[in-house]
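Take a look at the structure set out below.
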Amino acid sequence: MRRTSLRALAALALASTLGLPAAQAQDYPNRPLRVIVPFSPGGAVDGPMRAIAEQLGRRLKQQVIIENRPGAGATIGSEVVAKAAPDGYTLLLASQTNAISATLYSKLAFNPIDDFVGISLLGREPGALVVHPSLPANNVAELVALAKKDPGKLNYASSGNGSGQHLFMAMFASMSGIQLTHVPYKGSGQAVTDLLAGTVPLAVPGAAAMVKHIKAGKLRALATTGVARSPQLPDVPTLAESGLAGYSAYVWMGLLAPKGTPKAIVDKLHAELKAALATPEVVTYMNDAGIESVGSTPAEMDAYFREERDRWARIVKETGAKID
């Protein structure tokens, strides 16, 4: 009798445990969500995430709070999420910088790839190779000639060590056979401020945020980094068109959750994110910003994240890029 009762209790406990994720998803979310953006406010992925978060919050009927935790190649904010409870309430906005950091930072208290599960690749945009108007270079060939004349004398700004802007330019310099000096900043904001002032004459930030400065004549666009010309800058050639065959790099944004987050919660977030991307407000924002919406599945996001890790690992090795 006692043995039978124990078996019944064990079976009941097992059934309860197996049903827990589904129950969590049904009740999810019942409090505000937090999205950690491991970059400074106003960057290439911060603005789009805020637009998406507003619509996602409406759909989930909970506030989606954006919290910026920039620094150390996105590893500071990423570690916060990696060590958070896997309950769907703390999420990470990842970008190509996260994939790059998986190679550049060898001593971390978390795994930049394996400690997360993908929710969705939200969108992507090319970078723009831009110079201050005071720099005597009107195209890529002239920039390369200028750099070769005085190796290492030409400085370029980036949003930080190990950032996409750092590696995009390192790849450009390597493929062009030139030497440039890297000037890392603590985020895009100050880097762009100094770029506009001519303090640092060269950079390759996300194209979307640069369009207004280019059209105002405050910066000169020499090329974009995508496989095709940017719809926002149709007269600007790609780097591949400018003599660097095979050059391709994108600023992308994807949402991740801590490893161990129940699949039911991940699937629910994916479905609501895809719906948020389709709202008129987000569609208009993305189109105006020149960002290509994606809305991939969780499995596609996982695969893409690992492909980007492997791709940038090769480029880090080929270029000899390192944390300055």
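The values are calculated or read from the model by the stated rules, or taken from the named source; none is laboratory data. Quantities reported herein were computed from a predicted structural model and do not represent experimental measurements. Ideal geometry is used to build each Cβ from the backbone, glycine not excepted, and the neighbour counts take in all protein chains shown.
For segment 92-124, a tally of residues being more than 14 Å from residue 46 (Cα to Cα) and touching a residue at least 24 places away in the same chain (Cβ under 8 Å) returns 22.
Condition (residue is touching a strand residue (DSSP E or B) at 6+ places or on another chain (Cβ under 6 Å), within 21 Å of residue 296 (Cβ to Cβ) and among the β-branched types (Val, Ile, Thr)) applied to segment 109-120: is it met by at least one residue? Checked segment 109-120: at least one residue is touching a strand residue (DSSP E or B) at 6+ places or on another chain (Cβ under 6 Å), within 21 Å of residue 296 (Cβ to Cβ) and among the β-branched types (Val, Ile, Thr). Selection of segment 183-223 for residues being over 22 Å from residue 68 (Cα atoms) and of a type in the set (S, T, N, Q) yields only 199. Criterion first (crowded, with 24+ Cβ neighbours inside 10 Å and either more than 17 Å from the chain's Cα centre (by Cα) or at pLDDT below 95 (or both)) does residue 134 satisfy it? No, not satisfied.
I'd like the full set of residues that are in a loop (DSSP other than H, G, I, E, B) and either within 17 Å of residue 242 (Cα to Cα) or not assigned by TED's automatic domain parsing to the domain that holds residue 199 (or both), limited to segment 137-177. Spell out how you get there, then give the answer.
Let us first name the residues in segment 137-177 that are in a loop (DSSP other than H, G, I, E, B), namely 137-139, 150-154, 159-163, 177.
Matches in segment 137-177: 137, 138, 139, 177.
Out of 99, 128, one residue alone is under 11 Å from the mean Cα position of the chain (by Cα) and either surrounded by 24 or more Cβ atoms within 10 Å (Cβ to Cβ) or in the same structural domain as residue 168 (by TED's automatic domain parsing) (or both). It is 99. Comparison of 307, 292, 241, 318 shows that the only residue that is surrounded by fewer than 19 Cβ atoms within 10 Å (Cβ to Cβ), closer than 30 Å to residue 140 by Cα and touching an Asp or Glu at 6+ places or on another chain (Cβ under 7 Å) is 292.
How many residues, within segment 280-304, are more than 21 Å from residue 47 (Cα to Cα) and in a helix (DSSP H, G or I)? Give the derivation first.
Here is the first cut: in segment 280-304, the residues more than 21 Å from residue 47 (Cα to Cα) are 297-300, 302-304.
Now drop any that are not in a helix (DSSP H, G or I), which leaves 298-300, 302-304.
Residues that pass the stated criteria total 6.
Name the residue that is surrounded by the most Cβ atoms within 10 Å (Cβ to Cβ), counting only residues in segment 176-223 that are of a type in the set (A, V, I, L, M, F, W, C) and modelled with pLDDT under 95.
Residues of segment 176-223 of a type in the set (A, V, I, L, M, F, W, C): 178, 180, 183, 191-192, 195-197, 200, 202-204, 207-211, 214, 216, 219, 221-223.
Filter once more, keeping what is modelled with pLDDT under 95: 191-192, 207-211.
Values: 191: 26, 192: 23, 207: 29, 208: 25, 209: 20, 210: 26, 211: 19.
Ranking the candidates gives 207 first.
Summed over segment 250-273, residues that are assigned to a helix (DSSP H, G or I) and touching a strand residue (DSSP E or B) at 6+ places or on another chain (Cβ under 7 Å) total 4.
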